[in-house]
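Here the structure comes first, spelled out in structure tokens, and everything after it is commentary.
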Amino acid sequence: MTQLFYLADLFGVAVFAITGALMAGRKSMDLFGVLVIAIITALGGGTLRDLILDNHPVSWIRNDMYIVIASLAAVGTVIWVRLTKPIHEKGLLLADAFGLAIFTVIGTEIAMQHNVPHSTAIIMGVMTGVAGGVMRDVICNEIPLIFQKEIYATACIAGALVFIGMRQLGTPHWVDTGVAMLTVLLTRLAAIRWRIALPSFHLLDRD
């Protein structure tokens, strides 16, 4: 199960690195800028989680495969886009949803291993899933997706809650992981497909 988690983590890193590289491309950055944005997107959430949990050294420092995978995914994205048509937006959203599901459950699992309260584990799961994207968007002068109407962080919360709840039931770990990831994935895809969004807060002037 540990090996499966590791491979899933690397897949999430690759997916988020691709989204970062594409964002950098939209901003017409050079190759160095593409690499920086891709790595921040892929590793930012996990780094912040590990720092808060005092989980040292953080994952990409003790294992350089994370940097290698993120860099290869970024360079591969640049080559792919230059040689072929740009990656389809729907395909990118689907890949992003997979990455979100993987990182949310991994972040929640790591937090639970540190024996933190369940509320903290949920926050760590959400942070692992979304913080890298927030950093990417802020650097690229975009409004982060989690602050817009689309259901994004909410899907992470749902998945983290399901994972924690199922762990309490004593079901097999792989079942808990699969169901929790599926919860995040289906919630996110449903929001994209049917444009489901949280209500907005509009402050009206009273003149």
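The values are calculated or read from the model by the stated rules, or taken from the named source; none is laboratory data. Just so you know, these numbers come straight off a predicted model, no measurement behind them. Note: ideal-geometry Cβ built from the backbone for every residue, glycine included; neighbour counts use all protein chains shown. Heads up: the accessible areas ignore ligands, DNA and RNA and are worked out on the full protein's heavy atoms, side chains in. Shrake-Rupley method; radii C 1.70, N 1.55, O 1.52, S 1.80 Å.
Any idea which residue in segment 122-139 is surrounded by the fewest Cβ atoms within 10 Å (Cβ to Cβ), counting only those that are touching a residue at least 60 places away in the same chain (Cβ under 8 Å) and over 11 Å from the mean Cα position of the chain (by Cα)? So the residue we want is 139. Of all the criteria given as (1) out of contact with any helix residue (DSSP H, G or I) (no Cβ under 6 Å at 6 or more places or on another chain); (2) at pLDDT below 95; (3) not acidic (Asp, Glu), the one not satisfied by residue 116 is (2). Apart from one condition, residue 158 fits all of (1) of a type in the set (Gly, Ala, Ser); (2) under 19 Å from residue 93 (Cβ atoms); (3) touching a Lys or Arg at 6+ places or on another chain (Cβ under 8 Å); the exception is (3).
Considering only residues of segment 48-90 that are charged (D, E, K, R) and exposed (fewer than 13 other Cβ atoms within 10 Å of the Cβ), which is nearest to residue 127 (Cα to Cα)? Step through it out loud before you land on a result.
As a first pass, look at segment 48-90 and keep what is charged (D, E, K, R): 49-50, 54, 62, 64, 82, 85, 89-90.
Restricting the remaining residues to those that are exposed (fewer than 13 other Cβ atoms within 10 Å of the Cβ) gives 54, 62, 64, 82, 85, 89-90.
Numbers: 54: 15, 62: 21, 64: 22, 82: 33, 85: 33, 89: 24, 90: 24 Å.
Among them, the one singled out is 54.
Among the residues of segment 129-180, those that are among the hydroxyl-bearing types (Ser, Thr, Tyr) and either at pLDDT 95 or above or more than 30 Å from residue 201 (Cβ to Cβ) (or both) comprise 171, 177. Taken over segment 160-207, the criterion of being open to solvent by less than 60 Å² (accessible area, probe 1.4 Å) and among the small types (Gly, Ala, Ser) is satisfied by 160, 165, 178, 180, 190, 191, 197, 200.
Filtered by the rule that a residue be more than 29 Å from residue 110 (Cα to Cα) and open to solvent by 90 Å² or more (accessible area, probe 1.4 Å), segment 3-33 gives 26, 28, 30, 31, 32. Scanning segment 91-121 for residues that are assigned to a helix (DSSP H, G or I), more than 18 Å from residue 2 (Cα to Cα), free of Cβ contacts under 8 Å to residues at least 60 places away in the same chain and open to solvent by 30 Å² or more (accessible area, probe 1.4 Å) yields 91, 118, 119, 120.
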